[in-house]
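Trainee: Please see the structure below; I have some questions.
Derivation of every value follows stated rules applied to the coordinates shown; laboratory data play no part. As the structure is a prediction and not an experimental result, all values here were calculated from the model. Every residue, glycine as well, gets a Cβ built from its backbone with ideal geometry; the counts of neighbours run over all protein chains shown.
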There are 2 protein chains.
Amino acid sequence: MKENTTFELNPRLSADSILVGEFPLTSLLMMNDSQFPWFVLVPRRIYIREAYQLNQSDQSVLWRESSSLSQLIMKHFKGDKLNVAAIGNIVSQFHLHHVIRYEKDICWPKPIWGQHPMKPIESIDLKNCLSDLLPKLEKIGLKRALNNRK
Amino acid sequence: MKENTTFELNPRLSADSILVGEFPLTSLLMMNDSQFPWFVLVPRRIYIREAYQLNQSDQSVLWRESSSLSQLIMKHFKGDKLNVAAIGNIVSQFHLHHVIRYEKDICWPKPIWGQHPMKPIESIDLKNCLSDLLPKLEKIGLKRALNNRK
């Protein structure tokens, strides 16, 4: 049997999200949930469940990419608070959530995980959202996914 | 009125936890909850609500301290999964949760926040837990809090 040595996005993460593009280390997903602006970074490394399992250099890059993304989405979506979390109790492939929170959102002040079922985004809303956001993301080093190219 | 320029731990965080000691940047708290080994890192910097508000150098130190702590507590407590999260919807002073999770714990696979009320730790259990853990934490740079000194 051939050993799996190529990064593949976990099928459940993939099913619940849209691949927005790629930073040097991580792939950027937007979760398909209209209730919150919700992004996930997944380092393209295999067999990683916890951040500390990445080598030192990858850890530095991960947190730099997370920091740039955080700042950008908080400004873009005018969030009240950002929730950043590595949980992974269900999907063990390491992935880092970034959720924009509003004091009036449906879960506030609780975290969003394990509370309400996801509500898919209308494709027109998604298109609008991404067309505003993508140029800003490209400025911080994102290479857009093929299906998001103009 | 005098401006507050000295770091002070948020009173709610302080009430719910024990100060274990100090890393170069962050203070290490153990949450007073017998249901999970649950630690919190708080950078001793003022006016910080989000990780990206720390300067670059502090951000690097934060994630290095988090990584060392994560690795140590996962080994010490033989966790199945680590949950690392910056939420702060209630206590806005930036604090980074590190929760050891077991597949048989009371919340699995949900995150612990907003689920079950905390259950205080018996002081004898706490003493035992800290006496095993503190020497290991000192090896990764923790200076123990005054009330934890021998």
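Trainee: Considering only residues that are of a type outside the set (S, T, N, Q) and more than 10 Å from chain B (Cβ to nearest Cβ), look in the stretch A:48-58 and name the one that is surrounded by the most Cβ atoms within 10 Å (Cβ to Cβ).
Mentor: A:Ile48
Trainee: Same structure, new question: So is A:Leu96 touching a Ser or Thr at 6+ places or on another chain (Cβ under 7 Å), at the interface with another protein chain (Cβ under 8 Å from one of its Cβ atoms) and either closer than 25 Å to B:Ala51 by Cα or without any contact (Cβ under 8 Å) to a residue 24 or more places away in the chain (or both) or not?
Mentor: So A:Leu96 fails the test.
Trainee: A further question follows. A:Leu13 versus (1) within 20 Å of B:Glu50 (Cα to Cα); (2) in contact with a His (Cβ under 7 Å, 6 or more places away or on another chain): which is the lone unmet condition?
Mentor: With (1) within 20 Å of B:Glu50 (Cα to Cα); (2) in contact with a His (Cβ under 7 Å, 6 or more places away or on another chain) applied to A:Leu13, the lone miss is (1).
Trainee: If the Cβ limit is 9 Å and pairs must be 6+ apart or interchain, which residue in the stretch B:59-85 that is farther than 17 Å from A:Gln56 by Cα and at the interface with chain A (Cβ under 9 Å from one of its Cβ atoms) pairs with which residue that is assigned to a helix (DSSP H, G or I) and of a type outside the set (S, T, N, Q)?
Mentor: What qualifies is B:Met74/A:Tyr52; B:Lys81/B:Met74; B:Leu82/A:Ala51; B:Leu82/A:Tyr52; B:Leu82/B:Ile73; B:Leu82/B:Met74; B:Val84/A:Ala51.
Trainee: Out of B:Lys143, B:Lys110, B:Lys119, I need the residue that is more than 22 Å from A:Trp113 (Cβ to Cβ) and either touching an Asp or Glu at 6+ places or on another chain (Cβ under 7 Å) or not small (Gly, Ala, Ser) (or both). Which one?
Mentor: It is B:Lys143.
Trainee: B:Ser131 is checked against (1) more than 14 Å from chain A (Cβ to nearest Cβ); (2) of a type in the set (S, T, N, Q); (3) touching a Phe, Trp or Tyr at 6+ places or on another chain (Cβ under 9 Å) and fails just one. What number does that condition carry?
Mentor: Of the numbered conditions (1) more than 14 Å from chain A (Cβ to nearest Cβ); (2) of a type in the set (S, T, N, Q); (3) touching a Phe, Trp or Tyr at 6+ places or on another chain (Cβ under 9 Å), the odd one out for B:Ser131 is (3).
Trainee: Taking the conditions exactly as written (crowded, with 17+ Cβ neighbours inside 10 Å and farther than 19 Å from B:Leu96 by Cβ), does A:Leu69 satisfy them or not?
Mentor: The answer is no for A:Leu69.
Trainee: Report, by residue number, each residue of the stretch A:59-93 that is touching a helix residue (DSSP H, G or I) at 6+ places or on another chain (Cβ under 9 Å), within 16 Å of B:Arg64 (Cα to Cα) and of a type outside the set (Ser, Thr, Tyr).
Mentor: Once the filter is applied, which keeps residues that are touching a helix residue (DSSP H, G or I) at 6+ places or on another chain (Cβ under 9 Å), within 16 Å of B:Arg64 (Cα to Cα) and of a type outside the set (Ser, Thr, Tyr), the stretch A:59-93 yields A:Gln59, A:Leu62, A:Trp63, A:Arg64, A:Ala86.
Trainee: Sort out which residues of the stretch A:89-111 are outside any loop (DSSP other than H, G, I, E, B), more than 20 Å from A:Leu25 (Cβ to Cβ) and of a type in the set (A, V, I, L, M, F, W, C), and write them in order of number.
Mentor: A:Val99, A:Ile100, listed by residue number.
Trainee: Give B:Ile90, B:Ile121, B:Ile140 a once-over and let me know the one that is in contact (Cβ under 8 Å) with a residue 60 or more places away in the chain, within 16 Å of B:Phe39 (Cβ to Cβ) and surrounded by fewer than 16 Cβ atoms within 10 Å (Cβ to Cβ).
Mentor: Going through B:Ile90, B:Ile121, B:Ile140 in turn, just one is in contact (Cβ under 8 Å) with a residue 60 or more places away in the chain, within 16 Å of B:Phe39 (Cβ to Cβ) and surrounded by fewer than 16 Cβ atoms within 10 Å (Cβ to Cβ): B:Ile140.
Trainee: Within the stretch A:65-88, does at least one residue satisfy the condition of being under 18 Å from A:Arg44 (Cβ atoms) and either over 17 Å from the mean Cα position of the chain (by Cα) or part of a loop (DSSP other than H, G, I, E, B) (or both)?
Mentor: Yes, there is a match, as at least one residue in the stretch A:65-88 is under 18 Å from A:Arg44 (Cβ atoms) and either over 17 Å from the mean Cα position of the chain (by Cα) or part of a loop (DSSP other than H, G, I, E, B) (or both).
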